[in-house]
Every structure is written in C-alpha cells, then in structure tokens.
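Below is one structure, written out as structure tokens; the observations come after it.
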Amino acid sequence: MNGLDKLPRSPSSPPSIPQPIRSDGAGGVDKGPRDVMRDLQNPDMLVPPATDAGLVPNLRYSFSDTSMHLNQGGWSREITVRELPIATTLAGVNMSLTPGGVRELHWHQQAEWSYMLLGHARITAVDQNGRNFIADVGPGDLWYFPPGIPHSIQGLQDGCEFLLVFDDGHFSDLNTFSISDWFAHTPREVLSANFGVPEDAFQHLPSGQVYIYQGKVPGPIDTQKVQSPYGTVPQSFKHSLLAQPPLQIPGGSVRIVDSTNFPVSKTIAAALVEIQPGAMREMHWHPNNDEWQYYLTGQGRMTVFAASGAARTFDYRAGDVGYVPFAFGHYVQNTGTETLWYLEVFKSDRFQDVSLNQWMALSPTELVRSNLNVGPELLRALRKEKWPVVQYPGFAYGPKSGR
Ligand code: MN
Ligand code: MN
C-alpha cells in the first residue's frame, strides 16, 4: 500500500491517521511527536515503495517553507542552494505584484527566465546597443533576459504572480544590481556631473534599494513606448509557451521551449508537462544537465534512480520545487484526481531527454531480451516513437485506483 487509500475521499469522511506500515507488515505505528498534516501530504515518504533504497539526497523543497519578503506593491520568496543544497544549476523565485506594483529597474549577473502564472505584467529592457524592449505578458507567457541586461516588471490592472528561474543556484533576487541602490551609494556631485544637472535634482532619492514598490497602473502599452534611434531588440525577450501547439499523447501533453523556438533563451530550456489523472511522465533521463522542476497544479510523486542500488520517492504538490541530478533516471506519476502540470527546467540551450522505452525499442531485440530475461509480450510493446507521457489502460496511480 502507498498510503494514498487513507486520504480523504469526500468531506464527509475525515482522514484516518496514516501510519508508517507497509502492506507486508514492515514498519510500525508512530505514536510519538509527529505532524499528521504533513504525513498525509507525503504518503510515499511515510511509506516508501519497497523498491526504494540507498542514500539519495533531498530533492524537494516547498515554497511554503520559505520566508516571504513583503513589500508595498507585492511579495517574493525564493528557493536557492541555501534551501535545496543539491540545486546548484538553477534558483527559483516566486513573485507577485499588485496592480501597478513594480519590481524596480535592475540587472544581475545571471540570465532570468520566467513563466507567468496568473494575471498580467508589463516588462521592459534595454540592451547594450541601446535597442529597447517592452511587452505585456499574461498566463502561460515566458520572458528571458540575458545576463547583465537591465529590466523591470510591473503588474497591470489585475496584478500578477510569476515564477522566475535564474541559471545559478547561488543566485538571490535580494542581491541584484538595483538602480535605487546605485544612486543611494553614489555621491551627489558625481550624479550631478554624470547627468549634467544640479545636485538638488537628487534631493528626494530613495535611501537604499527599493526592490518592489507600489506604482500606478500604467496606461496602454503604446502610451509607454519610447522610440530608440537604434530600434528594438533583434530577438524578442517574450515567448507565448501556452499558445504553442503541444505534443499530444495519451494521458497528457508536452510543450518544449529552448533556443530552437525561443532564440534568445541561450542558457535555459524547459518543458511544460501535463499529466492527466492516472497517467505518468515516462521513465527517462536527461543527457545534458540537472532538471529543476516547478509543480503548477495537482499532486504527484517522483522516484529518482541514482545508480548503485539507490532510488528514492518524493511526493510533490502545487508550489513545490523538485530536482533531478544530471542523468539520474526518473518518472513522475499523477497521484491525484486533477491534472498535474509541472515545468522541467534545465540550464542548457536545448531540451534533451532519453526515453527508456525508445532506447530499448531501437536496440537489438535479442540483446534486450537476454539482458532483462523478458518475453515477446514486452518486446512487441516497445515503442520506437517517444511518448513522454504514458497511460496504461486500466492502470492508475491515484486514490481512485483502489490499489
Ligand atoms: Mn531580474
Ligand atoms: Mn525529466
């Protein structure tokens, strides 16, 4: 048993208290101090599958376990190597801006990739050749700002919430180059000389980094556009991922975005994966880099195979970050009753994955047969085409499965 059968099925039947006891009797009742709410959320950590073994480091962190940074104009929270030490390639920030709320003009050493979760924002940037960029983004849109390129984000009429991903696990959004911070730490006479205006033009400057502030909801985008003599950026910093036609397979869909279809995104590649109830992201791995995940909706579990007899299962829910080290085998099962959506993000210019099923299908049949001691039923079922999501008829992983 995986413990899922003990989850509430309807509001009228309160959940029983899950116990760390496997169906074969291994384990025992936990009578001591415990957090039952968390145990209910983590049935596969309380009762790991019998195939789990060995030492695999923590591969999950919830944004709910981070400290919020609250400002007039919005909030932010982040998951970096300080929270999830194995996640060295990428760091994530979850941010919300009120209507008119501004993430101030700033830049940083890392590239910034973002996915708009809710609402709308206006983003701006100017590149090293004086070419500018302004765009409005909504749910399912992405942006990418190359390292060092200055930019801003402002919430529109409905405000917004988004996920930011940076191509360095040590990044902190609280440690960026802010325009207000630089002004506050430059002598007034230098500012006066730099801009060619008297010092009293600077008497009301902010005293330090502003970070996020409450502004006024801006007018239509055309009223804010500034004409540059050098034109606009040659490669757009915006991409509409959700508008992209997906690869549709039984049990779900996948949208891949990397430098092949979003040319400016040279250091971050991603896949937006949909897994319907009862389906799973197939057994696979990535031959290029670690995978950083963000769970958007639903609930699931992922088992990661770490070689040398080690495998570990984690439960994930909306708002969690997951991580898979380079080349580790893994699969993600939808264990809930609603569709699971998550992002796979990589520090790479290309999305790349190796399918276990396709690898076997395209290898000599006799080799696969003798290596695994399997019969013709499996060998015939192997698929030469890659299906990132699979749904075996009559088989489901969620509480409805009755297992
Ligand atoms: Mn930024
Ligand atoms: Mn993967």
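The values are calculated or read from the model by the stated rules, or taken from the named source; none is laboratory data. Just so we're clear, the structure is a prediction, and the values are computed from it rather than from any experiment. In this analysis, Cβ positions are derived from the backbone assuming ideal geometry, glycine residues included, and neighbour counts consider all displayed protein chains. All accessible areas refer to the heavy atoms of the entire protein, side chains included, with ligands and DNA or RNA removed. Shrake-Rupley method; radii C 1.70, N 1.55, O 1.52, S 1.80 Å.
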*For residues in segment 75-93 being in contact with a strand residue (DSSP E or B) (Cβ under 8 Å, 6 or more places away or on another chain) and surrounded by fewer than 18 Cβ atoms within 10 Å (Cβ to Cβ), which is nearest to L163 (Cα to Cα)?*
W75
*Restricting attention to segment 223-241, does a residue exist that is in contact with a Leu (Cβ under 6 Å, 6 or more places away or on another chain), in contact (Cβ under 8 Å) with a residue 60 or more places away in the chain and in a loop (DSSP other than H, G, I, E, B)?*
yes
*asked:* Which residue is least open to solvent (accessible area, probe 1.4 Å), if the candidates are limited to segment 125-137 and must be farther than 14 Å from H239 by Cα and part of a strand (DSSP E or B)?
replied: A125
*Keeping to segment 38-74, report how many residues are open to solvent by 30 Å² or more (accessible area, probe 1.4 Å) and among the aromatic types (F, W, Y).*
1
_Would you confirm whether or not segment 107-114 contains a residue that is more than 11 Å from ligand 1 (Cβ to nearest atom), within 19 Å of S240 (Cβ to Cβ) and surrounded by 21 or more Cβ atoms within 10 Å (Cβ to Cβ)?_
no
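Yes or no: segment 153-160 includes at least one residue that is charged (D, E, K, R), without any contact (Cβ under 8 Å) to a residue 60 or more places away in the chain, within 24 Å of G74 (Cα to Cα) and open to solvent by 80 Å² or more (accessible area, probe 1.4 Å). First the steps, then the outcome.
Filtering segment 153-160 down to residues charged (D, E, K, R) leaves 158.
If we keep only those that are without any contact (Cβ under 8 Å) to a residue 60 or more places away in the chain as well, we get 158.
Among the residues that remain, those that are also within 24 Å of G74 (Cα to Cα) are: 158.
Right, trim to open to solvent by 80 Å² or more (accessible area, probe 1.4 Å) and you get 158.
Yes, the conditions are met somewhere in segment 153-160.
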*Any chance you could count how many residues in segment 285-322 are without any contact (Cβ under 8 Å) to a residue 40 or more places away in the chain and under 17 Å from the mean Cα position of the chain (by Cα)?*
1
*Could you grab me the full set of residues in segment 260-289 that are open to solvent by less than 20 Å² (accessible area, probe 1.4 Å) and either within 16 Å of ligand 2 (Cβ to nearest atom) or closer than 10 Å to L340 by Cβ (or both)?*
I268, A269, A270, A271, L272, V273, I275, A279, R281, E282, H284, H286
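Name every residue in segment 162-198 that is away from ligand 2 (no atom under 16 Å from the Cβ), within 29 Å of E291 (Cα to Cα), open to solvent by less than 40 Å² (accessible area, probe 1.4 Å) and part of a strand (DSSP E or B), in order of residue number.
Filtering segment 162-198 for residues away from ligand 2 (no atom under 16 Å from the Cβ) gives 162-164, 166-198.
After this cut, where a residue has to be within 29 Å of E291 (Cα to Cα) as well, the list is 162-164, 166-177.
Keeping just the survivors that are open to solvent by less than 40 Å² (accessible area, probe 1.4 Å) gives 162-164, 166-167, 169, 171-173, 176.
F162, L163, L164, F166 - these are the residues of segment 162-198 that are away from ligand 2 (no atom under 16 Å from the Cβ), within 29 Å of E291 (Cα to Cα), open to solvent by less than 40 Å² (accessible area, probe 1.4 Å) and part of a strand (DSSP E or B).
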*Of all the strands (runs of 3 or more DSSP E) wholly in segment 26-104, which have at least 2 residues that are of a type outside the set (A, V, I, L, M, F, W, C) and over 28 Å from S348 (Cα atoms)?*
69-71
